[in-house]
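S.K.: A single structure is presented below for examination.
What follows draws every value from the coordinates through simple rules; no lab data is involved. Predicted model only: the values in this text are computed from it and were never measured. A quick note on method: Cβ atoms are made from the backbone with ideal geometry, for glycine too, and the neighbour counts reach across all protein chains shown.
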Amino acid sequence: MTADFLLTDALVPLRPSDTGEEALEIMNEFYIRHLPVVDQGKLASVISEDDVLDADPEEAVGEYRVAKLPPSVYPDDHLYDVMRQLVDNNLTVVPVIDREGSYVGMVTGEDLLRFFAQSSTFSNPGSIVVLEMGRHDYSLAEIARIVESDSAIILSSFVRGAVDSNQIEVTLKLNSQSIAGVIATFERFNYVVKASFNEKQLQDTLKERFDSLLNYLNV
């Protein structure tokens, strides 16, 4: 799935002549903290709520001293690239430009989170299993073989590890709601099962976390 799939039609970019006060009105209305500035069809900058609050509210945003190489993605970039830009640059919207630098649109963090939350990975019935292991012990092929030996399949997997640690955490979303057999098999093969969640626990946890993320974005 690519960035152009989630382009929003509810938001328009700022013009260099727009004031900080006008920018804040849009940000407050749509619960975002960033907006792209487009000059003659080209992405000029991305301003933040803090940029506006630190300046004269009646000053034109085109006069702000902000980075002239703003973060952005191309329309055919994967949604993971959009997520990376959101996280790395602490953004609430990511501008989308073509190869010539012309502005195409923007993707909001809320729309991206909603897309992932409503994807089949999250919405399909199933369970979560969290494994902990050394980096050198990780083999998705072996993990999949163990899961499939108990008539289940992996819908998605996520690997997380600290830079200064040799340990990683592997989170698996399985299609089966009955995972006692899978857990027993993992333990028989000396895997450390750090946590597991059945369907009801999974739905409650995902809903709580998704609501918390949306509340954070609406602050």
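S.K.: Calculated from the structure, P(r) over Cα pairs in 10 Å bins from 0, in percent equals which of [x] 8, 27, 26, 19, 14, 6, 1; [y] 9, 36, 33, 15, 5, 1, 0; [z] 8, 31, 29, 18, 10, 3, 0?
M.R.: Among [x] 8, 27, 26, 19, 14, 6, 1; [y] 9, 36, 33, 15, 5, 1, 0; [z] 8, 31, 29, 18, 10, 3, 0, the one calculated here is [x].
S.K.: With the contact rule set at Cα under 8 Å and sequence spacing of 6 or more, what percent relative contact order holds for the chain?
M.R.: That works out to 18 percent.
S.K.: Right, here's the next one. Would you mind ranking PHE115, PHE158, PHE186 by Cβ crowding within 10 Å, fewest neighbours first?
M.R.: Taking fewest neighbouring Cβ atoms as first place, the list is PHE158, PHE115, PHE186.
S.K.: What 222 nm value per residue comes from the helices of the chain, counting each DSSP H run with n ≥ 4 as -39,500 (n - 2.57) and dividing by all residues, nearest 500 deg cm²/dmol? Walk me through the numbers before you get to the answer.
M.R.: Numbers: 8 runs with 77 residues, N = 219.
That calculation yields -10000 deg cm²/dmol at 222 nm.
S.K.: Also, quick follow-up: When a footprinting reagent is the concern and you count Cβ atoms within 10 Å, what order do SER176, SER45, SER119 take, fewest first?
M.R.: So the ranking, lowest neighbour count to highest, is SER119, SER176, SER45.
S.K.: So, one more: What number comes out for the charge environment of ARG15, summing +1 per Lys or Arg and -1 per Asp or Glu over other residues with Cβ under 11 Å away?
M.R.: Value of the local net charge: -3.
S.K.: Among MET106, MET1, MET83, MET133, what is the fewest-to-most ranking by other Cβ atoms within 10 Å?
M.R.: Going from least to most buried by this count: MET1, MET83, MET133, MET106.
S.K.: May I ask for the net charge around ARG188, where only other residues with Cβ less than 14 Å from the Cβ of ARG188 are counted and Lys, Arg are +1 while Asp, Glu are -1?
M.R.: -2
S.K.: Set the Förster distance to 41 Å, then compute FRET efficiency between ASN124 and LEU24 from the Cβ-Cβ distance, nearest 0.05.
M.R.: It comes to 0.50.
S.K.: For the pair ASN175 and TYR80, how long in nm is the line joining their label points, each one 7 Å along Cα→Cβ?
M.R.: The two pseudo-label positions are separated by 2.1 nm.
S.K.: Another question, then. Could you pull out every one of the aspartates and glutamates with an alpha carbon less than 12 Å from that of LYS42, ignoring same-chain neighbours closer than 8 positions?
M.R.: Cα-Cα hits under 12 Å: ASP98, GLU100.
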